[in-house]
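*Asks:* Just passing along the structure, written as structure tokens.
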Amino acid sequence: MHNIVLAHRILVSLFLLQYLVKLVLLLAGKKDQLASYTKSTRIIEMLVSVGFLVTGIYLLIYTEITTLMIVKIICVFAAIPLAVIGFKKGNKALAVLSVVLILAAYGLAEADKKHRGDIKVDTTSAKDNLDAGKIVYQNAHCIGCHGADGKLAMSGAKDLSITTLTIDEQKAIIRNGKSPMPGYKDLTDEQLNDLVQYIGGFRK
Ligand code: HEC
């Protein structure tokens, strides 16, 4: 899973780079160079596009979908026809718009990642510490990767029912994250204690 994420990022970067080069050529009025560049990179571009779509779809299926992710996908799918028409017809405005959309999608993905762990959970209604831990576990999207019983191991996540980490080590990972797991800075210390106690229950 880590490898798929990495492959996706590399392919997206290559795709973006490819279109930035084309855009520069188009804006500079270098029609002939643009045509020969497009022709000589046609196969690479096809492989990169297919690769980035396939890895993207794979990640979509196997990770939790957020609103930002949906916006990102809309940007990408709006950019594709604009890019095709813009570069083919030499329409600078459409070409610029398509690259801006791809850039926006790229930026959104980064922003999304940074803020994924920014989750505040209200545990005032909890019956006891274990219940509070369960509420945090469910509301902080731990389930998306670790599953309701801690065993899911999605996105390369560790099986929490067989963890060999100490309580403090677990707390450190939850607080600081460990890619691709986000760090959860907004949980209170008490919630973190409850959460780790709740996770400990998976080990039985
Ligand atoms: C985006 C997916 C994702 C989410 C959401 C997520 N985790 Fe993780 N978690 C992982 C991954 C991946 C690892 C393994 C990191 C590594 O060691 O490389 C991990 C590791 C851990 C570990 C360390 C286990 C070990 O034995 O090394 C703990 C504890 C843990 N997660 C708890 C949580 C809790 C609690 C939450 C919710 C507050 C949570 N995780 C949310 C993906 C996720």
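The values are calculated or read from the model by the stated rules, or taken from the named source; none is laboratory data. Just so we're clear, the structure is a prediction, and the values are computed from it rather than from any experiment. Glycine gets a Cβ as well: all are built from the backbone with ideal geometry, and neighbour counts include every protein chain shown. All accessible areas refer to the heavy atoms of the entire protein, side chains included, with ligands and DNA or RNA removed. Shrake-Rupley method; radii C 1.70, N 1.55, O 1.52, S 1.80 Å.
*Asks:* Could you check the stretch 115-155 and list, in sequence order, the residues that are in contact with a strand residue (DSSP E or B) (Cβ under 9 Å, 6 or more places away or on another chain) and among the small types (Gly, Ala, Ser)?
*Replies:* Hits for the stretch 115-155 are Gly117, Ser155.
*Asks:* Consider Ser40 carefully, then state whether it is over 26 Å from Asp186 (Cα atoms), in contact with a Pro (Cβ under 9 Å, 6 or more places away or on another chain) and small (Gly, Ala, Ser). Give the derivation first.
*Replies:* Details: over 26 Å from Asp186 (Cα atoms): yes; in contact with a Pro (Cβ under 9 Å, 6 or more places away or on another chain): no; small (Gly, Ala, Ser): yes.
Spelling it out, it is not the case that Ser40 is over 26 Å from Asp186 (Cα atoms), in contact with a Pro (Cβ under 9 Å, 6 or more places away or on another chain) and small (Gly, Ala, Ser).
*Asks:* Somewhere in the stretch 164-186, is a residue of a type outside the set (S, T, N, Q), more than 10 Å from the ligand (Cβ to nearest atom) and open to solvent by less than 80 Å² (accessible area, probe 1.4 Å)?
*Replies:* Yes; the residues of the stretch 164-186 include at least one that is of a type outside the set (S, T, N, Q), more than 10 Å from the ligand (Cβ to nearest atom) and open to solvent by less than 80 Å² (accessible area, probe 1.4 Å).
*Asks:* Ok, one more. May I ask you to list the residues in the stretch 125-146 that are in a loop (DSSP other than H, G, I, E, B) and more than 18 Å from Gln197 (Cβ to Cβ)?
*Replies:* Result: His141, single match.
So that you can scan it fast, the table gives a plain yes or no per residue for (1) polar (S, T, N, Q); (2) open to solvent by 80 Å² or more (accessible area, probe 1.4 Å); (3) on the phi < 0 side of the Ramachandran plot:
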| site | (1), (2), (3) |
| --- | --- |
| Lys114 | no, yes, yes |
| Ala126 | no, no, yes |
| Gly144 | no, no, yes |
| Ala148 | no, no, yes |
| Ala153 | no, no, no |
| Ile162 | no, yes, yes |
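*Asks:* Could you check Ile61 against (1) surrounded by 12 or more Cβ atoms within 10 Å (Cβ to Cβ); (2) at pLDDT below 90 and say which number it fails?
*Replies:* Going through (1) surrounded by 12 or more Cβ atoms within 10 Å (Cβ to Cβ); (2) at pLDDT below 90 one by one, Ile61 breaks only (1).
*Asks:* Which residue is farthest from the ligand (Cβ to nearest atom), if the candidates are limited to the stretch 128-142 and must be among the small types (Gly, Ala, Ser) and either touching a residue at least 60 places away in the same chain (Cβ under 8 Å) or open to solvent by 50 Å² or more (accessible area, probe 1.4 Å) (or both)?
*Replies:* The first filter runs over the stretch 128-142 and keeps only residues among the small types (Gly, Ala, Ser), leaving 132-133, 140.
Then keep just the ones that are either touching a residue at least 60 places away in the same chain (Cβ under 8 Å) or open to solvent by 50 Å² or more (accessible area, probe 1.4 Å) (or both); that gives 132-133.
Numbers: Ala132: 13, Gly133: 9 Å.
Checking each candidate, the answer is Ala132.
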